[in-house]
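Read through the structure below, which is laid out as structure tokens, and then see the notes.
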Amino acid sequence: MGEKTEPEKGKTKPRSAVVLAGGRGRRMGMVEKALLEFEGKTIIERLLESLFRVVDEVILSVRDKMQEQNIRQVLEKFPSREIRFCFDTLEDAGPLEGIRAGLLESRSEYSFVCAGDMPFVNFGVVDMLFEKADGHDAALPRWEDRKFEPLHAVYSRKLIPEIEKAFEKGKRSVLTPVFEMQDVVFVEVSEIRELDPELRTFANINTIEDMELAGRQK
């Protein structure tokens, strides 16, 4: 990964992160992906270590109390950090409901949103997305082929009412409410590559093969 000096917190607005940890890991035999371990650390532990370099609090969006209890065991390693849980209020609404619940729980105007199965999130990239989003509605990574990374982006609280409007229309795609906002900053992947040449920040673990590959690429 590209190196970046850790930003000095306290000189910027409060920042939050929303981690969508509620997925059931169907492609991995229904395992708790956030608790998968390699190199001696769980995915969620690695993710929290990176995020807390640039955010003040993390909200973990989970399915239910049982999942919360399972993840709490890992959080003992972060005794001085602000970590809270939130739960979906709409069933089977997908990641969009997790984002809504997380943003409602967030104490900040801007929150970085990512999936809970992303062990290599680059704190330098997250910091850049916050800087890009400041004064706008969101900062959304965009690939050369015009595809996007909505689950690795910074959103303002303005996304909340747009999500609720999307639900009223029966829409569940994350990008639907994002594109309803008026002032979204698109961050080209070529710029992100300057901080993270291999773009590992976007990597997620969906299968056992992904896990094995991640171990080989360390």
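Looking only at region 66-83, which residues are surrounded by 14 or more Cβ atoms within 10 Å (Cβ to Cβ) and under 24 Å from Pro14 (Cα atoms)?
Leu75, Phe78, Arg81, Ile83
Here's the yes/no breakdown for (1) farther than 14 Å from Ala21 by Cα; (2) hydroxyl-bearing (Ser, Thr, Tyr); (3) assigned to a strand (DSSP E or B); (4) over 14 Å from the mean Cα position of the chain (by Cα):
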position: Leu47; (1), (2), (3), (4): no, no, no, no
position: Val55; (1), (2), (3), (4): yes, no, no, no
position: Ile59; (1), (2), (3), (4): no, no, yes, no
position: Asn70; (1), (2), (3), (4): no, no, no, yes
position: Val74; (1), (2), (3), (4): no, no, no, yes
position: Phe78; (1), (2), (3), (4): yes, no, no, yes
position: Arg84; (1), (2), (3), (4): no, no, yes, yes
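Strands (runs of 3 or more DSSP E) wholly in region 101-188 with at least 1 residues that are surrounded by fewer than 23 Cβ atoms within 10 Å (Cβ to Cβ), free of Cβ contacts under 8 Å to residues at least 40 places away in the same chain and not basic (Lys, Arg) - which ones?
On the way: elements: 110-115, 138-142, 152-156, 184-188.
Qualifying strands (runs of 3 or more DSSP E): none found.
Any read-out appearing in this document is the output of simple, stated calculations on the displayed coordinates, not a laboratory observation. Note that the coordinates shown come from a computational prediction; the quantities given were computed from them, not determined experimentally. Note that we place each Cβ from the backbone using ideal geometry, even for glycine, and neighbour counts take in every protein chain shown.
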